[in-house]
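Data first, discussion second: the structure below is written as structure tokens.
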Amino acid sequence: MKILNIFIVCEKQNYLSNSLNLLNIQNIYVEILFKYLINHFGYQQSIKQFQNLIEIILTQISLNNTKHYQTLQIILNQIEEDYQ
């Protein structure tokens, strides 16, 4: 079972120490999520639900990046004003 493999890997080595381990763990969680969606909604509806989830995540990432950029601009403007 893949879930048990995750815990065995985590016990033997630092699972965050290399990006391949982290990607493997993420892939397993995505697979578990999609199987849950199929079980709960059926195959066709689970595709739509998964797509909606990805859109929400990407929107949040975009908003966070925009807010981060705006905050940096405010800080840089303040620094420029202080040195003028």
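The values are calculated or read from the model by the stated rules, or taken from the named source; none is laboratory data. Just so we're clear, the structure is a prediction, and the values are computed from it rather than from any experiment.
Summary of values
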item	result
Which numbered condition Phe41 fails, given (1) at pLDDT 85 or above; (2) within 18 Å of the chain's Cα centre (by Cα)	(2)
Any chance Gln60 is in a helix (DSSP H, G or I), at pLDDT 90 or above and not β-branched (Val, Ile, Thr)	no
